Amino acid sequence: MAVINVSAGNEAVLVLGDAAANANVASGATTGLVVPNMQDITINNSTGIFRFKTLDNTAESAVTTPATNQISLNAVVDANAFFGTGAGSIDTVIDTGLFGCSKNKTKVFFEVAFDGRDSGSKYFKGSGFISGLAPTVNMDSPVWITPVTIEVDGDFTEAVLS
Amino acid sequence: MRSTLLSQITTNLAGSNVSVSQELPWNSGGQVLYSKNKKHFYLDEEQESREEFIKTLDKNDVEQKTITLNGYLTVDAKNQPGDMSNVVANIIAANSSITTTIDNSVDVTTEIEDDDITYTFEFNFITII
């Protein structure tokens, strides 16, 4: 048994890029956007279920349908990550930020590591679209915070950092 | 922050029965200055405290910084200056001179010892860093 914790140096990391090669969560990779200031992150792999009843059975039957895959998180808004740094980098996600990718409906590739960016860390990768941005602030919580959802297009692929 | 607040209090108390000292409320001969020099307002040095406001997974935590300044004013309890309520209100009002904060507050307490009454003003200025 090996508990995965998020102690210093082993935190959950999400990297986004406009190409699979750029969304590289490996330590030292700088081509993608490392989403900063995440408060929490949830990976959803929700298998669809179709239920039906038959006259000869006392309980419902069920069959699976394709899964809905989603990554959702909450983050403190970082100006560069949210609005982008403008043109100049090699990646659209860095240039236009989370908001630009959402507004322009840019397909993003992601890698999300469970246990830091060092070798041995398990991670998921895939692609999808940024959605669900809703930055909010108020005087009781005077720092902009936004939820972010990545609606995954297709399946997650599991891998381990080498 | 202390100089800004002190400057605003000096402006607000101009023409009143209370003077504003630029000195810290240090002890002289075993007696604090505001007790020795009645009808003189003294503002202490800034005290700073920080606490975690928002935790993040990458340890870029957001902190809340609170700067506290205590002000002191002692007057004769039996014969307080006639404009004492205005003096207190004007000292409190000076807290709005500090900007770029998310919350400014003032607590006023009094303590009577012998025939003196000492007003203690606790100014709190909160910023997010």
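If you take just the strands (runs of 3 or more DSSP E) that sit entirely in the range A:74-162, which of them hold at least 1 residues that are over 29 Å from B:Ile129 (Cα atoms)? Spell out the reasoning first.
Working: elements: A:107-113, A:122-131, A:136-138, A:141-152, A:157-160.
Correct list: A:107-113, A:122-131, A:141-152, A:157-160.
Quick one: which strands (runs of 3 or more DSSP E) lie wholly within the range B:40-101 and hold at least 3 residues that are over 30 Å from A:Glu11 (Cβ atoms) and touching a strand residue (DSSP E or B) at 6+ places or on another chain (Cβ under 9 Å)?
Details: elements: B:40-43, B:47-54, B:62-76.
Because the criterion is at least 3 residues that are over 30 Å from A:Glu11 (Cβ atoms) and touching a strand residue (DSSP E or B) at 6+ places or on another chain (Cβ under 9 Å), the strands (runs of 3 or more DSSP E) in the range B:40-101 that meet it are B:40-43, B:62-76.
Within the group A:Val25, A:Val35, A:Val76, A:Val15, which residue is at pLDDT 95 or above, in contact with a Lys or Arg (Cβ under 9 Å, 6 or more places away or on another chain) and not acidic (Asp, Glu)? Let's see the steps before the verdict.
Values: A:Val25 fails: at pLDDT 95 or above; A:Val35 fails: in contact with a Lys or Arg (Cβ under 9 Å, 6 or more places away or on another chain); A:Val76 fails: in contact with a Lys or Arg (Cβ under 9 Å, 6 or more places away or on another chain).
Just one listed residue meets the conditions, A:Val15.
Just one of the numbered conditions (1) at pLDDT 95 or above; (2) within 14 Å of chain A (Cβ to nearest Cβ); (3) closer than 30 Å to A:Asp40 by Cβ; (4) out of contact with any Lys or Arg (no Cβ under 7 Å at 6 or more places or on another chain) is not true of B:Thr56; which one?
So B:Thr56 meets the others, but not (1).
Out of B:Glu48, B:Glu63, report the one residue that is within 14 Å of another protein chain (Cβ to nearest Cβ) and farther than 21 Å from B:Leu13 by Cα.
Values: B:Glu48 fails: within 14 Å of another protein chain (Cβ to nearest Cβ).
Just a single option satisfies the conditions, and that option is B:Glu63.
Name the one entry in A:Lys103, A:Lys122, A:Lys53 that is surrounded by fewer than 17 Cβ atoms within 10 Å (Cβ to Cβ), modelled with pLDDT under 95 and not aliphatic (A, V, I, L, M).
Working: A:Lys103 fails: modelled with pLDDT under 95; A:Lys53 fails: modelled with pLDDT under 95.
That would be A:Lys122, the only listed residue that is surrounded by fewer than 17 Cβ atoms within 10 Å (Cβ to Cβ), modelled with pLDDT under 95 and not aliphatic (A, V, I, L, M).
Provide a single number: the residues in the range A:52-71 that are away from chain B (no Cβ under 14 Å) and either touching a residue at least 12 places away in the same chain (Cβ under 8 Å) or in a helix (DSSP H, G or I) (or both). Before the answer, list the steps.
Taking the range A:52-71 and keeping what is away from chain B (no Cβ under 14 Å), we get A:52-70.
If we keep only those that are either touching a residue at least 12 places away in the same chain (Cβ under 8 Å) or in a helix (DSSP H, G or I) (or both) as well, we get A:62-70.
Of the residues in the range A:52-71, 9 are away from chain B (no Cβ under 14 Å) and either touching a residue at least 12 places away in the same chain (Cβ under 8 Å) or in a helix (DSSP H, G or I) (or both).
Just to be sure, is B:Ser49 among the polar types (S, T, N, Q) and more than 30 Å from A:Ala75 (Cβ to Cβ)?
Numbers: among the polar types (S, T, N, Q): yes; more than 30 Å from A:Ala75 (Cβ to Cβ): no.
Here the answer is no, as B:Ser49 does not meet what is asked.
Six or more apart or on different chains, Cβ atoms under 9 Å: show the pairs whose first residue is in the range A:75-95 and more than 13 Å from chain B (Cβ to nearest Cβ) and more than 20 Å from A:Ala21 (Cβ to Cβ) and whose second is of a type in the set (Phe, Trp, Tyr) and surrounded by 13 or more Cβ atoms within 10 Å (Cβ to Cβ).
Correct list of pairs: A:Phe82/A:Phe99; A:Phe82/A:Trp144; A:Phe83/A:Phe99.
Of the residues in the range A:43-91, how many are under 27 Å from A:Glu158 (Cβ atoms) and among the charged types (D, E, K, R)?
So the count comes out to 1.
Inside the range A:26-45, can you point out the residues that are away from every other protein chain (no Cβ under 13 Å), part of a strand (DSSP E or B) and surrounded by fewer than 17 Cβ atoms within 10 Å (Cβ to Cβ)?
Within the range A:26-45, A:Asn44, A:Asn45 qualify.
Restricting attention to the range B:102-129, which residues are within 16 Å of B:Thr68 (Cβ to Cβ), more than 14 Å from chain A (Cβ to nearest Cβ) and out of contact with any helix residue (DSSP H, G or I) (no Cβ under 9 Å at 6 or more places or on another chain)?
Listed by number, the residues that qualify are B:Asp107, B:Thr109, B:Thr120, B:Glu122.
The values are calculated or read from the model by the stated rules, or taken from the named source; none is laboratory data. The structure displayed is predicted, hence computed values, not measured ones. When we count neighbours, we look across all protein chains shown, and the Cβ atoms used for this are built from the backbone with ideal geometry, even at glycine.
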